Amino acid sequence: MRPSFAYGPSPMIVGVIKQRTVRDAIAEIKNGETRGARGFDLHLATLDEEFRNVESIKQIVDATDKPILALHYNNGYFGDLGMNEEERTALLMAAVDAGVSAVDLQCYTFDTEAKAGFVDFDHIPEGLEFLSQKKPREVALKPEIIEKQRKFIDEVHAKGAEVLISMHFGVHLSFEELKALATFAHDVKGADIVKMVTPCENEEQLAECISSTILLKRDLAFPFSYHANGKMGVKSRKICPMLGSHIMFCNVDYGYCSDPEQLHLESMTEAYRRMGEQ
């Protein structure tokens, strides 16, 4: 039985795995385990093409008893892979077949036009009217797109895995707006866990980000991950998991593909241990 990613230990301090080969991915997972990782975030796109298959991914999954979240943002080791949505989601499903605990389904999946900005002005449901003014990225609302996403999610669930729906909005949103979008992703699209990211460029936005995390934890009946990026984003990555955000994305080590805004795994596990948060 797969370990749950959505309902595993919280905060889920995860090691981000961006490697080209199975051997290197397994090595990084083993290093992550010794440094306190509670789970792993496996980037499928950085694997060389010969390893983007069920058999290879299963070798990675079988190397740990920790839950693995697989994602495929088309960001390869040396740049954009250029896969279409059918190819991209097929690789995610291959990861499910290989035994990962969960997959990251971007909220714009099957509608890449919505990736760059909000476009579905004719399909705004009640309670999300603010979308026409805020115009966040990665929010797809077309009924036929939602139906395709639900079908994909239902298939993942039928195979025993979970789905995280991710949204990187690119605009500042209030607590009420975040709550409405998280609820929509969970109730309408069927996500097990919802990940949201907003920009944070000053202390006022950081304070609102922290406040929103506390209120989301109070009001949402399902797990969520919320942090910010930008000038003050790193601070939110450190603080929000203490207040209810489920996932802390960390670098096992810093390498060629590392996101410098993501935290250092061993440092964070030790800090949280000393603060009594583990």
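The values are calculated or read from the model by the stated rules, or taken from the named source; none is laboratory data. A quick note: this is a predicted structure, and the numbers were derived from the prediction, not measured. All Cβ positions, glycine included, derive from the backbone under ideal geometry; neighbour counts span all protein chains shown.
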Check region 212-227 and report whether any residue there is in a loop (DSSP other than H, G, I, E, B), out of contact with any Pro (no Cβ under 6 Å at 6 or more places or on another chain) and among the aliphatic types (A, V, I, L, M).
yes
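Please work out if Ala94 is within 28 Å of Ser245 (Cβ to Cβ), of a type outside the set (Asp, Glu) and out of contact with any Phe, Trp or Tyr (no Cβ under 6 Å at 6 or more places or on another chain).
Details: within 28 Å of Ser245 (Cβ to Cβ): no; of a type outside the set (Asp, Glu): yes; out of contact with any Phe, Trp or Tyr (no Cβ under 6 Å at 6 or more places or on another chain): yes.
Against the criterion (within 28 Å of Ser245 (Cβ to Cβ), of a type outside the set (Asp, Glu) and out of contact with any Phe, Trp or Tyr (no Cβ under 6 Å at 6 or more places or on another chain)), Ala94 does not qualify.
Those residues that are in a loop (DSSP other than H, G, I, E, B) and either within 18 Å of the chain's Cα centre (by Cα) or within 21 Å of Tyr7 (Cβ to Cβ) (or both), I need them from region 137-170; list them, please.
Listed by number, the residues that qualify are Arg137, Glu138, Val139, Ala140, Lys159, Gly160, Ala161, Phe169, Gly170.
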Considering only region 49-67, I want to know if a residue exists there that is part of a helix (DSSP H, G or I), farther than 20 Å from Pro9 by Cα and within 15 Å of the chain's Cα centre (by Cα).
no
Given the structure, is Ile247 without any contact (Cβ under 8 Å) to a residue 40 or more places away in the chain, hydrophobic (A, V, I, L, M, F, W, C) and under 24 Å from Arg38 (Cα atoms)?
no
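Looking at Ala114, Ala180 in this structure, which one is more than 28 Å from Gly82 (Cβ to Cβ), among the small types (Gly, Ala, Ser) and outside any loop (DSSP other than H, G, I, E, B)?
Values: Ala114 fails: more than 28 Å from Gly82 (Cβ to Cβ).
Result: Ala180 is the single residue among Ala114, Ala180 that is more than 28 Å from Gly82 (Cβ to Cβ), among the small types (Gly, Ala, Ser) and outside any loop (DSSP other than H, G, I, E, B).
Among the residues of region 242-266, which ones are more than 14 Å from Val16 (Cβ to Cβ) and part of a helix (DSSP H, G or I)?
Met242
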When the residues of region 17-46 are filtered to those that are buried (at least 18 other Cβ atoms within 10 Å of the Cβ) and over 20 Å from Lys58 (Cβ atoms), which remaining residue is nearest to the chain's Cα centre (by Cα)?
Arg38
Give me the residue from region 189-221 that is in contact (Cβ under 8 Å) with a residue 60 or more places away in the chain and surrounded by fewer than 24 Cβ atoms within 10 Å (Cβ to Cβ) and, out of that set, nearest to Val156 (Cα to Cα).
Asp192
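Only one of these is without any contact (Cβ under 8 Å) to a residue 40 or more places away in the chain and in contact with a Lys or Arg (Cβ under 7 Å, 6 or more places away or on another chain): Leu47, Leu91. Name it.
On the way: Leu91 fails: without any contact (Cβ under 8 Å) to a residue 40 or more places away in the chain.
Going through Leu47, Leu91 in turn, just one is without any contact (Cβ under 8 Å) to a residue 40 or more places away in the chain and in contact with a Lys or Arg (Cβ under 7 Å, 6 or more places away or on another chain): Leu47.
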So, first residue free of Cβ contacts under 8 Å to residues at least 12 places away in the same chain in region 1-20, second residue surrounded by 23 or more Cβ atoms within 10 Å (Cβ to Cβ) and not in a loop (DSSP other than H, G, I, E, B), Cβ within less than 6 Å, six or more apart or across chains; the pairs are none
Report every pair of residues separated by at least 6 positions or lying on different chains whose Cβ atoms are under 6 Å apart, first residue within region 131-160 and farther than 15 Å from Met93 by Cβ, second part of a helix (DSSP H, G or I) and small (Gly, Ala, Ser).
Ala140/Ala114
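When you look at Ser4, is it of a type in the set (Ser, Thr, Tyr), under 18 Å from the mean Cα position of the chain (by Cα), assigned to a loop (DSSP other than H, G, I, E, B) and modelled with pLDDT of 95 or more, yes or no? Break it down into steps so the answer makes sense when it comes.
Working: of a type in the set (Ser, Thr, Tyr): yes; under 18 Å from the mean Cα position of the chain (by Cα): yes; assigned to a loop (DSSP other than H, G, I, E, B): yes; modelled with pLDDT of 95 or more: yes.
Answer is yes for this residue.
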Failed item in (1) modelled with pLDDT of 95 or more; (2) farther than 15 Å from Lys18 by Cα, with Ile68 passing the rest
(2)
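Would you confirm whether or not region 125-133 contains a residue that is touching an Asp or Glu at 6+ places or on another chain (Cβ under 7 Å) and crowded, with 16+ Cβ neighbours inside 10 Å?
Taking region 125-133 as the starting set, the residues that turn out to be touching an Asp or Glu at 6+ places or on another chain (Cβ under 7 Å) are 130.
Okay, now just the ones that are also crowded, with 16+ Cβ neighbours inside 10 Å, so 130.
Looking through region 125-133, at least one residue is touching an Asp or Glu at 6+ places or on another chain (Cβ under 7 Å) and crowded, with 16+ Cβ neighbours inside 10 Å.
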Starting from region 94-111, keep only residues that are over 24 Å from Pro143 (Cα atoms), then list their pairs with residues that are modelled with pLDDT under 95 whose Cβ atoms are within a distance under 7 Å, requiring at least 6 positions of separation or different chains.
Gly99/Arg2; Ser101/Arg2
